[in-house]
Each structure stands twice: as structure tokens, then as C-alpha cells.
Amino acid sequence: MEQETILKEILHVLRSHSDQVNKRFKEMDDRFEKKFEQLDDKFERKFQQMDDKFEKRFVQMEQKFEKKFDHMDKRFDRLEQKVDGIRIDLTDTQKTTNFLLSKVAQHEEKLLQLSEQQT
């Protein structure tokens with residue numbers, strides 16, 4: 001009987017020790033889980049911050065490009081107006097030149113007629 005009591009006591013001590021070991025493993029597991037969750041949250045915040053930063057930068061670049069394209073469009077419009085003005089001036093100059101050439105031709109013809117009459 002004493003042997004049975006000793007065995008029961010040993011069994012009780014082993015169970016108690018097993019419970020303590022299980023408790024410590026559970027505590028360690030909980031600490032690791034908490035730490036991993038903290039790290040996960042930290043990385044998630046960092047990635048979100050980076051994503052927000054990149055998104056903001058892309059929006060800024062897009063706005064900057066739009067502004068530059070608008071500015072270039074305005075400059076091209078002004079350049080087109082200048083070219084149109086030069087084209088009109090060249091057309092007027094061509095008409096004036098044609099008119100003057102016809103007058104010169106008329107005067108040369110008259111001079112030729114006058115020189116023929118005098119001979």
C-alpha cells in the first residue's frame with residue numbers, strides 16, 4: 001500500500017510538473033503570438049505609410065505633368081497663332097509682289113511701245 005501511495009504521489013508530482021511545463025509553454029506561446037501580432041501591425045502600418053507616400057507622390061507627379069501639358073498646349077496655341085499671322089503676312093506680300101510685277105510688266109510694255117514709236 002505504501003508503494004501505491006508513493007506511486008500516486010509520484011504521479012501527482014509528475015502531473016503537477018507537466019501542468020507547470022504546459023503553463024509555461026502556453027505563456028511563451030502567448031508572448032510569441034503577441035510579439036508576432038505587434039510586428040505584423042508594425043509592418044502593416046509601415047507598408048500603409050509607404051503606400052500612402054507613393055500614392056501622394058504619384059498624384060503630385062500626375063498634377064505636375066498635367067500642369068506642364070496644359071502650359072505646353074497654351075504655348076503651342078500661341079505658336080500656331082503666330083504661324084497663322086505669318087502665313088497671312090506672306091500671302092499679302094505675295095499678292096503685293098504679284099501686283100507690282102504686273103505693273104512693272106505693264107510699264108516695260110509701255111516703254112517698249114514708246115521706244116518703238118520713236119524709232
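With the largest listed first and rounded to whole Å, the semi-axes of the equivalent ellipsoid of segment 13-76 from the Cα gyration tensor are 61, 5, 4.
Rg over Rh for the chain works out to 1.98, both radii taken from alpha-carbon positions and Rh defined as the Kirkwood radius.
Label sites at Asp92 and Asp30, each approximated as a point 7 angstrom past Cα along Cα to Cβ, lie 9.4 nm apart.
Phi-derived couplings, Karplus 6.51 cos²θ - 1.76 cosθ + 1.60 at θ = phi - 60°, listed residue by residue for segment 18-31: 4, 4, 5, 4, 4, 4, 5, 4, 5, 4, 4, 4, 5, 5 Hz, with x used for Gly and Pro.
Any read-out appearing in this document is the output of simple, stated calculations on the displayed coordinates, not a laboratory observation. This one's a predicted model, so the numbers in the text were calculated from it and none came from an experiment. In this analysis, Cβ positions are derived from the backbone assuming ideal geometry, glycine residues included, and neighbour counts consider all displayed protein chains.
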